[in-house]
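Visitor: What follows is a structure written as structure tokens; I'll ask about it next.
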Amino acid sequence: MSETPAPGPKTSLGTRIVSSVELIVVIFLGIVSVATAYTSFQSGLYHGHSDDLISQSEAAGTLAESLYLEGNQQYVQDAQTVLRLAELNIDAQSADPVTAADAAAKYDEIYFIGVSEDLDTAIQAAIAKDDAEPDFYHYPLDEDSYLTARFGSYDEQSAYSEDLRAQGDALGDSGDQLGFYTALMAITLFLLGIAAVVRNLRMRWVLIAVGMTIFTVTAILTATVPFVWI
């Protein structure tokens, strides 16, 4: 006659609950670990792109400064030319015909050699304004067309540099946000790690609840930051 095997020990309800909680903790640890790695990775990418744009901004700023110095150098030379032409124009109106002729010849020579197309346009515009408003002197180098010709490239390059800087700062801010969210997720990992080893069941649930609440809020905030790739 065969013997009937003795039944194995029954698993108590408390043991099953503890096992279930441990399984939940393990699952949550995996989820939070993956989310933390993603957030940290995105933070690094944002900071990397931010550094690239800021470097480009600095290079563009250096070029803008060079363009400004070049334009300002020409501006100073043109200012000296305008002053010299004004002096010769006065001498050309002298009662002494020799002095007047000599001044007129010098005026024409300097105008031909030292006046660029942009400066010539500015001078002619100023002369037209002087004719229309004889009580006022209109300085040629104050003409918008002339200033644009001398400093327009600087203005464009400077604006480009500032735009790059603004973009870089914005990306850096997003990277800082993600870095903060990574720290919050690390707190969740810490709380779940404690929950995995404590014996008190109530304390385990409290730690799980607090940790996952922090994680849920942080995950939602992380989702509002656009995804960026390498």
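Visitor: Mind counting the residues in segment 59-101 that are surrounded by 14 or more Cβ atoms within 10 Å (Cβ to Cβ) and more than 25 Å from ASP130 (Cα to Cα)?
Guide: So the count comes out to 9.
Visitor: Can you tell me which of ASP173, ASP155 is free of Cβ contacts under 8 Å to residues at least 40 places away in the same chain, under 21 Å from SER43 (Cβ atoms), under 31 Å from the mean Cα position of the chain (by Cα) and assigned to a helix (DSSP H, G or I)? So that I can check it myself, show each step before the final result.
Guide: Numbers: ASP155 fails: under 21 Å from SER43 (Cβ atoms).
Only one candidate passes the filter, namely ASP173.
Visitor: Does LEU67 count as more than 21 Å from ASP142 (Cβ to Cβ) and at pLDDT 95 or above?
Guide: On the way: more than 21 Å from ASP142 (Cβ to Cβ): no; at pLDDT 95 or above: yes.
Considered against the rule, which asks whether it is more than 21 Å from ASP142 (Cβ to Cβ) and at pLDDT 95 or above, LEU67 comes out as no.
Visitor: Assuming GLU162 fulfils every condition listed in (1) surrounded by fewer than 18 Cβ atoms within 10 Å (Cβ to Cβ); (2) in contact with a Leu (Cβ under 9 Å, 6 or more places away or on another chain); (3) in a helix (DSSP H, G or I) apart from one, which condition is it?
Guide: Checking GLU162 against (1) surrounded by fewer than 18 Cβ atoms within 10 Å (Cβ to Cβ); (2) in contact with a Leu (Cβ under 9 Å, 6 or more places away or on another chain); (3) in a helix (DSSP H, G or I), the one that fails is (2).
Visitor: To continue, here is another question. Looking at (1) under 30 Å from ALA37 (Cα atoms); (2) touching a Leu at 6+ places or on another chain (Cβ under 8 Å); (3) crowded, with 17+ Cβ neighbours inside 10 Å, which is the only condition GLN157 fails?
Guide: Single failed check for GLN157: (1).
Visitor: Looking at segment 184-230, which of its residues are surrounded by 14 or more Cβ atoms within 10 Å (Cβ to Cβ) and free of Cβ contacts under 8 Å to residues at least 24 places away in the same chain?
Guide: Answer for segment 184-230, where residues must be surrounded by 14 or more Cβ atoms within 10 Å (Cβ to Cβ) and free of Cβ contacts under 8 Å to residues at least 24 places away in the same chain: LEU191, ILE194, VAL206, LEU207, VAL210.
Visitor: Mind checking which residues of segment 97-137 are hydroxyl-bearing (Ser, Thr, Tyr), free of Cβ contacts under 8 Å to residues at least 12 places away in the same chain and in a helix (DSSP H, G or I)?
Guide: We begin by selecting, within segment 97-137, every residue hydroxyl-bearing (Ser, Thr, Tyr); these are 99, 107, 111, 116, 121, 137.
Add one more test, that the residue is free of Cβ contacts under 8 Å to residues at least 12 places away in the same chain, and what stays is 99, 137.
THR99 - this is the single residue of segment 97-137 that is hydroxyl-bearing (Ser, Thr, Tyr), free of Cβ contacts under 8 Å to residues at least 12 places away in the same chain and in a helix (DSSP H, G or I).
Visitor: A follow-up question, please. What single numbered condition from (1) modelled with pLDDT of 95 or more; (2) under 13 Å from VAL82 (Cα atoms) fails to hold for HIS138?
Guide: The one condition HIS138 does not meet is (1).
Visitor: Return the total of residues in segment 41-95 being of a type in the set (Gly, Ala, Ser) and farther than 30 Å from ALA166 by Cα.
Guide: Start the filter on segment 41-95 by keeping residues that are of a type in the set (Gly, Ala, Ser), which leaves 43-44, 48, 50, 55, 57, 59-61, 64, 66, 71, 79, 86, 92, 94-95.
Within this subset, residues satisfying the condition of being farther than 30 Å from ALA166 by Cα are 79, 86, 92, 94-95.
Final tally of qualifying residues: 5.
The values are calculated or read from the model by the stated rules, or taken from the named source; none is laboratory data. These numbers were taken from a predicted model, which means no experiment stands behind them. A quick note on method: Cβ atoms are made from the backbone with ideal geometry, for glycine too, and the neighbour counts reach across all protein chains shown.
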